[in-house]
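Input: a single structure, listed below in structure tokens.
The values are calculated or read from the model by the stated rules, or taken from the named source; none is laboratory data. Quick caveat, the model's predicted, so the values are computed rather than measured. Cβ placement follows ideal geometry from the backbone for every residue including glycine, while neighbour counts extend to all protein chains displayed. The protein model used for the area step is the full one, side chains on, heavy atoms only, and it has no ligands, DNA or RNA in it. Shrake-Rupley method; radii C 1.70, N 1.55, O 1.52, S 1.80 Å.
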Amino acid sequence: MILDVIGPIIIGPSSSHTAGMVRLGRTFRYLFNHSFSKGESLKRVEFYLNKPLFSSYKGHGTDRALVGGVLGYFESQEEIRSSIEIASSLGLDIVFYCKSFENSHPNMVMISGNSDSEAHYLIGASTGGASIEILEIDGAPMNISGTFPTLIIKNSDTPGALSKIVGAISMKKLNISNMFLVRTNRLKGEATCIVELDDVPEGELISLLEKLEPVLSVSYLPPITTAIGVT
Amino acid sequence: MNFKRLIDTALNTSTDLYEVISNWYMLESGTSSKELYAFSERMITSMLKAYKERQKASIPSLTGWTGDIAQNLRNYTPRFLNEQLLYALEVAISMAEHNASMGKIVACPTAGACGVVPGIILSLKRFNGVSVEKLSKALVVAGAVGECIKGKASISGAVAGCQAEIGTATAMASSILVYIASNNNYRALYSAPALALKSLMGLVCDPVGGYVEIPCVKRNAFGVSIAYTAAEMALAGIESLIPFDEVAEAMGKVGRALPESLRETGEGGIAATPTAKKLLNEFIDRSES
């Protein structure tokens, strides 16, 4: 695609150390849709940067990029530059740590945080040209690019759970592009279903899914890029 | 994708190269070519805007190593170059400095090489009166050049060195110049990016501390001058005997042969010099205190 070599419009200095990091931070924010709908905000966020990334994160503005994303900004917004000051004015606690991820992409990060009512974590990597890979959310391993509208559905590990979820999606006439199901906690009998869709779902789908008996919670990740004209 | 194929299609069907690329894009993406044009136009206006922004405030970079060298060129009367080339160099450095200080830029093809194409675009607009419409079409042609290089080699310094970043930007920029000068000179359109890429073959990616500053910022200006040189040579009828598509492939092979220390790790080349290490240590001390 021609669009891979022209654009996107981003805040510099590096598409992988800055722009991709904004996208990882923003993806993490989307996990808290429940808290936001109740009027809560994020309280504390911890960033664990892989060793090669930690060695240069200040000069690349990686810290500002991650925090900007967590605050909901896009990679082209100038607020990225002052995100750390914005976070502190909002009373959001932020901490950066160095962590060695074994056999991993150099630009790998773990983001972990909480609001008043929920806590999540995400592991992902910025793989160049502002592209990202999300590799784990709340104990569920995955490999998604964030370019599809994506549902992260936590459900009880019971027979028929998947068919009810898929049934609700097909009732809304949405096509599934990719889907993974992983058992996350055998003891508690919990699983996570990751669904990448072809089209953006209406809000109704999420409330419909939440009403299903085996469904424990639903997070929706909007696509990080919208085909043409990424800004 | 083969650039020769696109050129041959344009030649054999007497269709403008921009139209051929638009149609190819439409088939590949399933979206209208109008959207492609609108996208390209938005990138052009964003480049113009980014340069204006930079004029208003020259913020130093996070390390403090760059941030104000563009004004040296702005306030200088050239002894040897013409005003147009000097202006293009100044734009390229301004954009690269803007990027290094967390300004809003168009990655083209990457953030580190974001000055080369705007240098050419803005100089064409100011000194040759080229319209935004024509420039938007030329940028699509440059996009196809970049896309071919991406497919056959890489546009990432971490994968193939600076030849893949500044090299690709320079090849793209040279095709913009040729397309604006003569959109049906297919020989020159095929030669210019090959000449440009050959001249930067083997250029390593060796940023001090791994930051997109030294030597990246200044290399953007050299990219501009090579783009002008390649375009003028091609327009003068000098052909690249090695076809562009083969040059792109060779660049990829050279990139893969580069040791890791010369691929954006900040461990070789300029980054490994005593002065570079001293600068880096000083910055680390400053940022920790």
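Quick notes on this structure:
- Qualifying residue in segment B:97-111 (condition: in a helix (DSSP H, G or I), more than 9 Å from chain A (Cβ to nearest Cβ) and closer than 24 Å to A:Tyr73 by Cβ): yes
- Taking the conditions (1) closer than 24 Å to B:His98 by Cα; (2) in the same structural domain as A:Ala119 (by the TED database); (3) open to solvent by less than 10 Å² (accessible area, probe 1.4 Å) in turn, A:Leu49 satisfies each one other than (1).
- Subset of segment B:11-65 that is surrounded by 14 or more Cβ atoms within 10 Å (Cβ to Cβ) and closer than 30 Å to B:Asp285 by Cβ - its residue that is farthest from the other protein chains (Cβ to nearest Cβ): B:Ser58
- The test for being free of Cβ contacts under 8 Å to residues at least 12 places away in the same chain, farther than 18 Å from A:Ser83 by Cα and either buried (at least 24 other Cβ atoms within 10 Å of the Cβ) or more than 15 Å from the chain's Cα centre (by Cα) (or both) does not hold for A:Gly7.
- Any chance A:Ile2 is open to solvent by less than 50 Å² (accessible area, probe 1.4 Å), more than 14 Å from the chain's Cα centre (by Cα), at pLDDT 90 or above and within 11 Å of chain B (Cβ to nearest Cβ): no
- Residue that is modelled with the highest pLDDT, among those in segment B:130-158 that are open to solvent by 40 Å² or more (accessible area, probe 1.4 Å) and facing chain A (nearest Cβ under 8 Å): B:Lys150
- A single entry from A:Val22, A:Val45, A:Val67 fulfils the requirement of being in contact with a Ser or Thr (Cβ under 8 Å, 6 or more places away or on another chain) and either within 14 Å of chain B (Cβ to nearest Cβ) or among the small types (Gly, Ala, Ser) (or both): A:Val67.
- Inter-residue pairs, beta-carbon under 9 Å, first surrounded by fewer than 19 Cβ atoms within 10 Å (Cβ to Cβ) and in segment A:116-128, second among the charged types (D, E, K, R) and not in a strand (DSSP E or B), 6+ apart: A:Asp116/A:Lys38; A:Asp116/A:Glu40; A:Asp116/A:Lys43; A:Ser117/A:Lys38; A:Ser117/A:Glu40; A:Glu118/A:Glu40; A:Ala119/A:Asp138; A:Tyr121/A:Asp138
- Against the test of being modelled with pLDDT of 95 or more and either in contact with a helix residue (DSSP H, G or I) (Cβ under 7 Å, 6 or more places away or on another chain) or within 27 Å of B:Thr63 (Cβ to Cβ) (or both), the options B:Ala250, B:Ala171 yield a single qualifying residue, B:Ala171.
- Count of segment A:149-197 residues which are exposed (fewer than 12 other Cβ atoms within 10 Å of the Cβ) and within 21 Å of A:Pro223 (Cα to Cα): 3
- Residue within segment A:213-223 that is more than 20 Å from the chain's Cα centre (by Cα), away from chain B (no Cβ under 14 Å) and open to solvent by 30 Å² or more (accessible area, probe 1.4 Å) present: yes
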